[in-house]
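Structure record follows, encoded as structure tokens.
The values are calculated or read from the model by the stated rules, or taken from the named source; none is laboratory data. Keep in mind it's a predicted model, so treat the numbers as computed, not measured. Here Cβ is always computed from backbone atoms with ideal geometry, including for glycine, and neighbour counts include all displayed protein chains. The area values use the complete protein model at the heavy-atom level, side chains included, leaving out ligands, DNA and RNA. Shrake-Rupley method; radii C 1.70, N 1.55, O 1.52, S 1.80 Å.
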Amino acid sequence: MFERNEEMDDEFAKLIRRVNPPRVVIDNESCEDATVIQVDCVNKHGILLEVVQVLTDLDLVITKAYISSDGGWFMDVFNVIDREGKKLRDEEVINYIQKRLENDDGGVPSLRGSVGLVPSEESTSIELTGTDRPGLLSEVCAVLTDLHCNVVNAEIWTHNARAAAVVHVTDDTTGCAIEDRKRLAIIKEMLCNVLKGNNDLKTAKMTLSPPGITHRERRLHQIMFADRDYDKVERQEGARVVDKSSKPHVIVSDCAEKDYTVITMKSKDRPKLLFDIVCTLTDMQYVVFHGVVHTGRTEAYQEYYIRHVDGVPLSSEAERERVMQCLEAAIERRAYEGLELELCTEDRHGLLSDITRIFRENSLCIRRAEISTMGGKARDTFYVTDVTGNPVDPKIVDSIRRQIGQGILHVKWNSSSSAKPQNENTFSYLFGSFFKARNFRLIKSYS
């Protein structure tokens, strides 16, 4: 009986969405320095993440956002710019956004080669988790090369002494996905041995991604969340001392008169920050009813009014602390750290293994990496520090570039040489000067 009622409710919801299709307005006139995208549609769980994911996958920067999804209707406004800081002028991109957001069944093909989306039938998607250590990626790549696996794309994150990766591989001879179960079992055994190392107190894992299309970055958040990377870890002797002023600040409080839980955040701004927050809240089964996002020159301010999917706000101090820890982890997982190196060259079998070996031999530690190949070209980005987490000696970088090739490996960005962010006035648009009413020095931070 209950199952029949649920089916009827689901069909009724589909009918409502058909009668009231999504409406998207893309406006380049009303704002001087950004394109304004307004989305109105029937509300459903996860709709905010779907919209933010579409914009993020196009490499667009969301500078402001106003979120309202109370009363069964989703009405959000996003101010966006491209990576060059300009309004959207490309008609192909504008039309794609319009069609993609107005198409409720997601049937519009991706515009830019499925950014973050990889059909599993074209390659074998491998998920890895284990304890982070210097040289880990090099060892993983060496094993894959020895087993005749070619890495076509991958993303690797490290946080709180844990490492996670989603790696898409093909057979180096056929260029097709690897489906032989015996071979996959050997790959799993070899990779698990590497991930375990000598003292992995947590279980190292290698699994195959579920069939179908997987959003790689969302999957990485889910993997690290399941691995509890948000738990505190003891700082190892000799490790770099983290400047607490650069840590994100998260406040979780009650809004009793409206029956909401209020989450307020202040952190360094960076690309994909909004996606990371919304992704985490959605996968933790929370719904954002109201919110505002504002980015300054260097900092981002976010405020959300949330409830659990069952309609209840956070009910205990333990739950509030867990949400704070998880959101801080979501912000930190791919915060820019260290030296950004970009590799551009002809792809070949074993290339990634050779590059990461050179990094390891020169005492570089890879904190994060994005690996991609297209049309026979490899385009890889590495974020590196020395083994203690400190900036890399420029002489070592010069030596590595000579080994690999000056025209192949480029220094893109160095966090240690960046100017220190200036203090900015903080404020909230939606419900008054929330930040000004609180002293962030008193915030309990989970490091």
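Placing a label point 7 Å from the Cα of D393 along the Cα-to-Cβ direction, the residues of the range 349-363 whose backbone N falls under 18 Å from that point are 358-363.
May I ask you to rank M206, M374, M75 by accessible area, largest first, using a 1.4 Å probe over the protein chains only?
Working: M206 10, M374 145, M75 90 Å².
Accessible-area ranking of M206, M374, M75, largest first: M374, M75, M206.
How much length is gained if the chain between E179 and K268 is pulled fully straight, taking 0.36 nm per residue apart and subtracting their Cα-Cα distance, in nm to one decimal? Here the answer is 27.8 nm. Here the spin labels are modelled as points 7 Å beyond Cα on the Cα-Cβ line, and at D146 and W73 they lie 6.3 nm apart.
Each listed q (0.23 Å⁻¹) maps to a log10 I(q)/I(0) for the range 295-361, found by the Debye formula over equal Cα scatterers with no solvent: -1.16. Our estimate of slack between K196 and S246, defined as 0.36 nm per intervening residue step minus the Cα-Cα distance, is 14.8 nm. Shown are I94, I396, whose ranking by accessible area with a 1.4 Å probe and every protein chain present, most to least, is I396, I94.
Quick check: net charge around S68, other residues with Cβ under 12 Å of its Cβ, Lys/Arg +1 and Asp/Glu -1?
On the way: positive: none; negative: D40, D70, D76.
So the surrounding residues net to -3.
Largest accessible area first, the residues R228, R357, R133, R334 order themselves as R228, R357, R133, R334 under a 1.4 Å probe with ligands, DNA and RNA left out. Computed from the C-beta positions of D90 and E32, the FRET efficiency with R₀ = 25 Å rounds to 0.85. Between R83 and Q98, the modelled label-to-label distance comes to 2.6 nm, taking each label 7 Å out from Cα in the direction of the beta carbon.
Taking R0 as 22 Å, what FRET efficiency do you get between R322 and C255 from their Cβ-Cβ distance, rounded to the nearest 0.05? It comes to 0.70.
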